[in-house]
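Visitor: Handing you this structure, nothing more for now.
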Amino acid sequence: MTSMMIPCKIICLDDSNRPNDIPISKWIKRNEIYTLIRIDKMNMQNGELGFELEEIDLSDCFPYTRFAAYRFGVLINPKSEVEEKELELAL
């Protein structure tokens, strides 16, 4: 499988077990919404699928270049999810 571009909104479901090589400032946060820009195999993690996010650049965190796909859920209607999040933050 080659990498492919597919921009869509995803939500972090699992932010546990951050590798020490990824700074906290570049780590995903549970219930945060991100933009998925690329899916690719992570060869150093037994070919597991990895997600590249628009909001976080991991290029200086080698060998960690993507986040494991199991950590996220795909949003069916991202606009309403984003609007709900904004309302929560406003309260």
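The values are calculated or read from the model by the stated rules, or taken from the named source; none is laboratory data. Predicted model only: the values in this text are computed from it and were never measured. Counting neighbours? That spans all protein chains shown, and the Cβs are built from the backbone with ideal geometry, glycine included.
Visitor: Cβ contacts < 9 Å: first residue under 15 Å from PHE72 (Cβ atoms), restricted to segment 8-27; second residue among the hydroxyl-bearing types (Ser, Thr, Tyr) and assigned to a helix (DSSP H, G or I), any location; separation 6+ or different chain. Result?
Guide: Between residues of segment 8-27 that are under 15 Å from PHE72 (Cβ atoms) and residues that are among the hydroxyl-bearing types (Ser, Thr, Tyr) and assigned to a helix (DSSP H, G or I), the close pairs are LEU13/TYR70; ASP14/TYR70.
Visitor: While we're on this one: Select from segment 24-47 the residues that are more than 17 Å from CYS12 (Cα to Cα) and out of contact with any Pro (no Cβ under 9 Å at 6 or more places or on another chain) and list them in ascending order.
Guide: ASP40, LYS41, ASN43, ASN46, GLY47
Visitor: Here's a check for you: in segment 38-49, which residue that is among the hydrophobic types (A, V, I, L, M, F, W, C) and either in a strand (DSSP E or B) or modelled with pLDDT of 95 or more (or both) is surrounded by the most Cβ atoms within 10 Å (Cβ to Cβ)?
Guide: Here the residue is MET42.
Visitor: Output the number of residues of segment 48-63 satisfying the condition of being under 22 Å from LYS9 (Cβ atoms) and touching a helix residue (DSSP H, G or I) at 6+ places or on another chain (Cβ under 6 Å).
Guide: 3
Visitor: Return yes when ARG66 is within 12 Å of CYS8 (Cβ to Cβ), basic (Lys, Arg) and modelled with pLDDT of 90 or more and no when it is not.
Guide: No, not satisfied.
Visitor: Here's a follow-up. Please find, within segment 13-37, the residue that is surrounded by the most Cβ atoms within 10 Å (Cβ to Cβ) out of those that are among the charged types (D, E, K, R) and modelled with pLDDT of 95 or more.
Guide: Residue satisfying both the conditions and the ranking: LYS26.
Visitor: Here's a follow-up. When the residues of segment 69-81 are filtered to those that are surrounded by fewer than 15 Cβ atoms within 10 Å (Cβ to Cβ) and part of a loop (DSSP other than H, G, I, E, B), which remaining residue is modelled with the lowest pLDDT?
Guide: By that ranking, first place goes to ASN77.
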